[in-house]
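Since every read-out is calculated from the coordinates, none of them should be taken as a lab result. The structure presented is a predicted model; accordingly, all values stated were derived computationally and were not measured. Here the Cβ positions follow ideal geometry from the backbone for every residue, glycine too, while neighbour counts run over all protein chains shown.
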Amino acid sequence: MKKLVIALVFALFPVSALAAVDETPVEVIAGAVELLAEKLDGRRDELAADRQALYAVIDEILLPRFDRKFAAQVVLAKHWRSADGEQRERFIEAFYQALLRRYADGVLEFEQSKVTVLPFRGDVSKPRTKVRSTVKLDDGSTVSVDYELVKRESGWLLFNVVIEGISYVRNFRAELDSEIRGSSLGAVIERLENEAGIVADVAGDELVNETDIAGDE
């Protein structure tokens, strides 16, 4: 179930950057459903066998449509305020990359026919809104999936998903708050970086993904 939840998050981010500025929130979601289906068509076996290719596909379509900074800020909550600039940047990247790698396989379970985007009932004049949908499971039952978006100059960006009333942002916030209290923010960032395969380039003072290093060899 958890893989399906994160798969739905990934599934509804990949929207055409050219059209995003003028799209309504529901058009962002509905269009993304169709686009992801196209991206996966005929490539599921290939991507299942090649994780780096799978990561690359997800990153290509997810990164432009996901407000990584805002999501990280909401997840860290009060710890964001006490973090310095370097810690914030490292957390944004590590959190995103760790999520991508932890739940990438779930994207392969996405089926367009099982997703129904409901009529929009929100207010596009407000800075945040929600798009509701339902997803049919293999046993025939349905779950409610709500997508929370924030308005930016580039258009509507997603930052949270709520499955049957359970928010992934709130879940991660509670999980990481407990971990930070038990250790430190720095330790949590290092764990996420290790999980994501990120290493520090001390000389260049920047973060480098291990897959990028391997590709340069």
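Using the C-alpha atoms of region 60-100, what convex hull volume per residue, in cubic angstrom, is computed?
Roughly 62 Å³ of hull volume per residue.
Which FRET efficiency value, to the nearest 0.05, is calculated for R102 and A77 with the Förster distance at 22 angstrom and r the Cβ-Cβ distance?
Computed FRET efficiency for R102 and A77 comes out at 0.60.
Would you tally the net charge around S183, using a Cβ to Cβ cut-off of less than 12 Å, leaving S183 out, and scoring K and R as +1, D and E as -1?
Around S183, the surrounding residues sum to -1.
Applying 1/(1 + (r/R0)^6) with R0 = 41 Å to the Cβ-Cβ distance of S183 and D123, what FRET efficiency is obtained, to the nearest 0.05?
In this case the efficiency is close to 0.50.
Order these by the 10 Å Cβ neighbour count, fewest first: D50, D41, D177.
D41, D50, D177
Considering only DSSP states other than H, G, I, E and B, which trypsin sites (Lys or Arg not before Pro) in region 88-145 qualify as loop sites with at most 14 other Cβ atoms within 10 Å?
Sites meeting the loop and neighbour criteria: R121.
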